[in-house]
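Since the structure comes first, as structure tokens, the remarks are kept for the end.
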Amino acid sequence: MLCSFAVAWPNWLAVGPAGVLFGTAIGGTSSSGAQTYGSVWSLTPPTAPGGAWIENTLYTITDASVGTPNQILGIGPDGTIYVSGTTRCGNTYCGILFSLTPPTAPTGEWTETTLHNFTGGNDGSSVAAAAVSSNGVLYGTTPDGGTGQKGSVFSLSLAAPLPSINPGGLVNAASYTAPVAPGSIASVFGDFFVPAPLSATEPPLPASLAGLSIIFDASIPAPLFYVSGSQINFQVPWELATPLGADIAATLYGDTGPSQTMDLAPVAPAIFTVNGSGSGQGAILDASNRLVDASNPATPGSTVLQIFCTGLGPVTNQPPTGSPAPLSPLAQTSYSPPPAVMVGGVAADVSFSGLAPGYVGLYQINAQVPAGLPANSATPVSISYGQGAASSNVVTIAVQ
């Protein structure tokens, strides 16, 4: 059993992207405890075998004009859910066809739009069945209406919104600043109309998740780590040339939104942080793979840091775009001199700089904490590298 419904009766079921189940329920109560006409819900598969399915009420119907939801008729290319319902039609009941458009932000609300009220005339009194085609047309049948009132087949063109990228929405995934470098991990923010967040499960990374893609220069796809309605994480393709710019656009089920021109840099160093904000405790481990924080401070002159970062540019033994870095031989950064690491304002000795083996777009710098540093639970760490010595964000570690 995947889920038990305690306050409503599940009525219909459809399978959406990434195996997410969508359905309707009759009755139930709202968050305030008031009686409702029904709801539309989803069940997201567990992330690990044997795990729990995640139930989520997407939309609760409190409007009598919408009435009781019956069938999930289909799911459009942009994640919009199409639902048939039953509502009052004078002294009797008629059908209604409405849509639920996904929110553009994870905490946003779904938008209900009435598409057609069936009056019992030539259009029939309700929807019997329907399906959504890949080109955004909903085809349906009615049990009555049409010539001789014996039923009809209808079509409804659906205006699916195009995915779009926010102005300045492309940033380095570690520091959330621009520019980005080929081979690095980046994030892009915008409106992508994905019904549920989805992550890649294993390398090589796919060029599409939930029907969504990121395309550079109209022909070069980006390998994707993660997609949601407002954010995409991906690897910037190695094939892009620097320091020239490139056009970037989002594509949803083959429909491409407006493109934007972005700047590319040969290197754009940035250090990952534990909280994902680009500042504070760095994603920096010691030689025993323990986080170098207040509970495990570094020892000056002794501790070797593993600094995890991105944006360090070309490497030797470069893996294909979307594929993990090799273990032997290692993929080491190409420019000379190697990256400069400052710990507490003092230059640190760097013993390795290159891609972290087994990961896509993730770089690693090994550097020894300089001797003589004072104890400090928030000792600053930064990187500079490449022509012009491009600087990273400043993160912290603990030093005893």
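The values are calculated or read from the model by the stated rules, or taken from the named source; none is laboratory data. Keep in mind that this is a model prediction, so the values were computed, not measured. No Cβ is skipped: glycine too gets one built from the backbone with ideal geometry, and neighbour counts run over all protein chains shown.
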- Does residue 228 satisfy being among the polar types (S, T, N, Q), in contact with a Phe, Trp or Tyr (Cβ under 9 Å, 6 or more places away or on another chain) and within 30 Å of residue 343 (Cβ to Cβ)? no
- Within the stretch 387-400, which residues are among the aliphatic types (A, V, I, L, M) and in a strand (DSSP E or B)? 390, 395, 397, 398, 399
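Find the strands (runs of 3 or more DSSP E) located wholly in the stretch 54-170 whose residues include 1 or more that are small (Gly, Ala, Ser), and list them. Step through it out loud before you land on a result.
Values: elements: 54-61, 68-75, 81-89, 92-101, 111-117, 129-132, 137-142, 152-157.
Ranges flagged: 68-75, 81-89, 92-101, 129-132, 137-142, 152-157.
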- Message: Need the failing condition index for residue 113 against (1) of a type in the set (Ser, Thr, Tyr); (2) within 19 Å of residue 193 (Cβ to Cβ); (3) surrounded by 14 or more Cβ atoms within 10 Å (Cβ to Cβ); (4) at pLDDT 80 or above, just the number.
- Response: (3)
- Message: Looking at residue 88 and the list (1) at pLDDT 80 or above; (2) surrounded by fewer than 19 Cβ atoms within 10 Å (Cβ to Cβ); (3) under 25 Å from residue 155 (Cα atoms), which single condition is not satisfied?
- Response: (1)
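Which residue is nearest to residue 15 (Cα to Cα), if the candidates are limited to the stretch 73-84 and must be modelled with pLDDT under 85 and out of contact with any helix residue (DSSP H, G or I) (no Cβ under 9 Å at 6 or more places or on another chain)?
To start, the set of residues in the stretch 73-84 that are modelled with pLDDT under 85 comprises 73-80.
If we keep only those that are out of contact with any helix residue (DSSP H, G or I) (no Cβ under 9 Å at 6 or more places or on another chain) too, we end up with 73-74, 76-78, 80.
Working: 73: 11, 74: 9, 76: 12, 77: 13, 78: 14, 80: 13 Å.
Within the stretch 73-84, the match that is nearest to residue 15 (Cα to Cα) is 74.
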- Note on the stretch 184-204: residues surrounded by fewer than 22 Cβ atoms within 10 Å (Cβ to Cβ), over 11 Å from the mean Cα position of the chain (by Cα) and modelled with pLDDT of 95 or more are 204
- Of residues in the stretch 215-252 being in a loop (DSSP other than H, G, I, E, B) and among the hydroxyl-bearing types (Ser, Thr, Tyr), the one farthest from the chain's Cα centre (by Cα): 242
- Search result, residues across the stretch 366-400 that are without any contact (Cβ under 8 Å) to a residue 60 or more places away in the chain and either within 12 Å of residue 307 (Cα to Cα) or of a type in the set (A, V, I, L, M, F, W, C) (or both): 378, 389
- Message: Any residue at all in the stretch 168-178 that's farther than 23 Å from residue 104 by Cβ and not polar (S, T, N, Q)?
- Response: yes
- Message: I want to confirm something. Restricting to the stretch 294-317 and keeping residues that are surrounded by fewer than 16 Cβ atoms within 10 Å (Cβ to Cβ) and in contact with a Gly (Cβ under 8 Å, 6 or more places away or on another chain), which single residue is nearest to residue 362 (Cα to Cα)?
- Response: 316
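Could you count how many residues in the stretch 37-68 are among the hydrophobic types (A, V, I, L, M, F, W, C) and more than 30 Å from residue 126 (Cα to Cα)?
Selection size over the stretch 37-68: 4.
Does residue 93 qualify as being in contact with a Gly (Cβ under 9 Å, 6 or more places away or on another chain) and surrounded by fewer than 19 Cβ atoms within 10 Å (Cβ to Cβ)?
Numbers: in contact with a Gly (Cβ under 9 Å, 6 or more places away or on another chain): yes; surrounded by fewer than 19 Cβ atoms within 10 Å (Cβ to Cβ): yes.
Criteria met by residue 93.
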- Could you run through the stretch 356-400 and say how many residues are at pLDDT below 95 and surrounded by 18 or more Cβ atoms within 10 Å (Cβ to Cβ)? 1
- Which numbered condition trips up residue 233, out of (1) more than 22 Å from residue 99 (Cβ to Cβ); (2) buried (at least 22 other Cβ atoms within 10 Å of the Cβ); (3) of a type outside the set (A, V, I, L, M); (4) in contact with a Phe, Trp or Tyr (Cβ under 6 Å, 6 or more places away or on another chain)? (2)
